[in-house]
Amino acid sequence: MAEHTADTQLPEVVRELYAQFGAETFVLQATKDDVPTLWVGRDKLVEVLRFLRHVSRPYSMLYDLSAMDERLRQHRYGLPAADFSVFYHLLSIERNSDVRIKVALSADSLHVPSVINIWPNANWYEREVWDLFGIEFDGHPLLVRIMLPRTWTGHPLRKDYPARATEFDPFMLDAAKQDAEQEALRFNPEEWGMKRGTKDEDFMFLNLGPNHPSAHGAFRIVLQLDGEEIVDCVPDIGYHHRGAEKMAERQSWHSFIPYTDRIDYLGGVMNNLPYVLAVEKLAGIKVPARVQTIRVMMAEFFRITSHLLFLGTYIQDVGGMTPIFFMFTDRMKAYDVIEAITGGRMHPAWFRIGGVAHDLPQGWDRLVREFVEWLPKRLDEYVKAAIKNGILRARTIGTAQYNSEQAIAWGVTGAGLRATGIDYDLRKARPYSGYENFDFEVPIAHNGDAYDRCLVRIEEMRQSIRIIKQCLENMPAGDYKADHPLTCPPPKEKTLQHIETLITHFLSVSWGPVMPAGEACQLIEATKGINSYYLTSDNATMSYRTRIRTPSFAHLQQIPSVINGSMIPDLIAYLASIDFVMADVDR
């Protein structure tokens, strides 16, 4: 809803924008997440964004950029007329605050200026919006598909695009079409501004991936090589794209939870957390302290399992074979505890809107205590045997190094940002789910290289153990689910006593709860960096728009700026130190 508030009550960034451009330039939108959200005309967009990028204590990070098809939205509450909209989510570490700028577009004029010259990481985000919505960005150097094959027809996140395979004609692949698909995969260096050689020699072009152990998933990176030196490279993603955001439009708010598990498929319930927190903002649900603590404990368990896999594959990629077998054994011990509590291992889909699936089982505390008392000694052994090893240090210290300014410009978050000396962790900076009640440190390093990114994650595991111990020793009593009509599903025992609860239970399970119209975004410090869900409800049982911002997408876009001029083995160490998951990139 657009609103007009006394200047003294407006957020600081809104007052600054009004002072610079005039209040009449903007339409201020109320959201459920309290992020200042302003609509601006296309003619003023770049000027406003440039101002925010260079204002005192600037919004230096383009955290997210995406779009929405507004044509079927019924509850817009006085917002500017729009067939489509593009939003820019900006983050200021100095202010520890965000601002969201939106621009309205009509169907007959789907184009906006590119902002690559303000934020370099806008490149991939703008390509994604073109790919999935068909919105053009004037001035973009190469506006081609990024998630879908070059031969794809249509823009899938438009509302008139089919959402199910049964709505398409049967797929046919004849010989001619197969040849055309293969030809579309051919890499053309000139298209990317690359030369095939110099007057004295030819460059070699090497495909690393999309099927290669060092690529850590279905990821292709084309290297332009002068001998073993990487002259330039082009990361190629989308092989793991499943249309998770499109799926959200056809699932109830509750039934979409298992889909979130498959984004960062090593993150488990860490993926559920930003989604259910965003839905709870829409619904106005306040969860009990016990729910907050259980969620924190299980999220930190998955931070440990994810980091253990990172550590094992990191050491393996630089030549150490033995540790990965020990670390997989350690992960199994953690999964034993997770399974005992949730009933699942990698993808328990255990968090619920308003709570968790069920209360902690009898004996959970003994299993948790045994694990957190056992793991620290194992971490000490890994550091002694592998991390202090001279070969590993030689391969990673000073390799793939970047500073904090570069990290922010490319949207790097998590350990990759903190390894450059930036002390920024959302669990401390913007506590959620009760993290403000826990005593822990934020590990940082200062060299921003492949070695420091590893050290930060090892120390993060130690801090996760510290947090889990506090959950163990201070687990609140109380309910495992909020007593709220939109909690899904309501407590079963109450359905036998109250007819209203019985009706709500039936409707929530069969159709799903109806979330009030509005928008809400929730950022969390996930296993690989900052992850968020930006949800739009149109007063329905399903999401109107679900935007999933993942850290790995930003981290892979940064690769060429860091690795060009280095050697192939340095790239392998760099890929290992990023700690990405392709489902987290492609969604």
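The values are calculated or read from the model by the stated rules, or taken from the named source; none is laboratory data. Note that the structure is predicted; figures quoted are calculated from it, not measured. FYI the Cβ positions are ideal-geometry reconstructions off the backbone, even for glycines, and counts take in every protein chain you see.
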For the stretch 174-187, check the following and say yes or no: at least one residue is touching a strand residue (DSSP E or B) at 6+ places or on another chain (Cβ under 6 Å), modelled with pLDDT under 90 and outside the structural domain of residue 295 (by TED's automatic domain parsing).
yes
I'm checking my understanding of the structure. Among residues of the stretch 71-92 that are without any contact (Cβ under 8 Å) to a residue 40 or more places away in the chain and aliphatic (A, V, I, L, M), which one is nearest to residue 550 (Cα to Cα)?
91
Here is a check on your reading of the model: is residue 170 at pLDDT 80 or above, surrounded by 11 or more Cβ atoms within 10 Å (Cβ to Cβ) and outside any helix (DSSP H, G or I)?
no
First in the stretch 523-535 and closer than 18 Å to residue 423 by Cβ, second anywhere and assigned to a loop (DSSP other than H, G, I, E, B) and hydrophobic (A, V, I, L, M, F, W, C), Cβ under 9 Å, 6 or more apart
529/412
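Would you point out which residue out of 407, 385 is at pLDDT below 90 and within 23 Å of residue 464 (Cβ to Cβ)?
The unique qualifying residue is 385.
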Cβ contacts < 6 Å: first residue basic (Lys, Arg), restricted to the stretch 389-408; second residue crowded, with 17+ Cβ neighbours inside 10 Å, any location; separation 6+ or different chain. Result?
395/318; 395/573
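With among the charged types (D, E, K, R) and more than 30 Å from residue 382 (Cα to Cα) as the only criterion, which of 528, 469, 481 stands out?
None of the others qualify; the one that does is 481.
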Give the residue, chosen from 357, 415, 450, 386, that is closer than 30 Å to residue 33 by Cα, of a type in the set (A, V, I, L, M, F, W, C) and buried (at least 20 other Cβ atoms within 10 Å of the Cβ).
415
Provide a single number: the residues in the stretch 422-471 that are among the charged types (D, E, K, R), out of contact with any strand residue (DSSP E or B) (no Cβ under 6 Å at 6 or more places or on another chain), touching a residue at least 60 places away in the same chain (Cβ under 8 Å) and under 20 Å from residue 334 (Cβ atoms).
4
What's the number of the only condition in (1) buried (at least 22 other Cβ atoms within 10 Å of the Cβ); (2) modelled with pLDDT of 90 or more that residue 516 fails to meet?
(1)
Mind checking which residues of the stretch 93-122 are under 19 Å from the mean Cα position of the chain (by Cα) and either surrounded by 20 or more Cβ atoms within 10 Å (Cβ to Cβ) or without any contact (Cβ under 8 Å) to a residue 60 or more places away in the chain (or both)?
98, 99, 100, 119, 121, 122
Flagged pairs (Cβ under 7 angstrom, 6 or more apart or on separate chains; first in the stretch 132-144, under 23 Å from residue 43 (Cβ atoms) and in contact (Cβ under 8 Å) with a residue 12 or more places away in the chain; second part of a helix (DSSP H, G or I) and not acidic (Asp, Glu)) are 135/129; 136/130; 137/130; 143/127; 143/130
Cβ pairs under 7 Å, 6+ apart, first in the stretch 225-252 and within 12 Å of residue 163 (Cβ to Cβ), second polar (S, T, N, Q):
245/546; 248/543; 248/546; 249/543
Hits in the stretch 306-338 (condition: surrounded by 15 or more Cβ atoms within 10 Å (Cβ to Cβ), not in a loop (DSSP other than H, G, I, E, B) and not hydrophobic (A, V, I, L, M, F, W, C)):
306, 307, 312, 313, 314, 316, 317, 323, 330, 331, 333, 335
Can you tell me which residues in the stretch 36-56 are of a type in the set (Lys, Arg) and surrounded by 14 or more Cβ atoms within 10 Å (Cβ to Cβ)?
42, 44, 53
With the checklist (1) without any contact (Cβ under 8 Å) to a residue 60 or more places away in the chain; (2) not in a helix (DSSP H, G or I) in hand, flag the one item residue 381 doesn't pass.
(2)
How many residues, within the stretch 493-522, are in contact with a Lys or Arg (Cβ under 7 Å, 6 or more places away or on another chain) and in a strand (DSSP E or B)?
4
For the stretch 210-222, indicate whether the set of residues that are over 20 Å from residue 557 (Cβ atoms), under 24 Å from the mean Cα position of the chain (by Cα) and at pLDDT below 80 is non-empty.
yes
For the stretch 332-367, what are the residues that are basic (Lys, Arg) and modelled with pLDDT under 90?
345
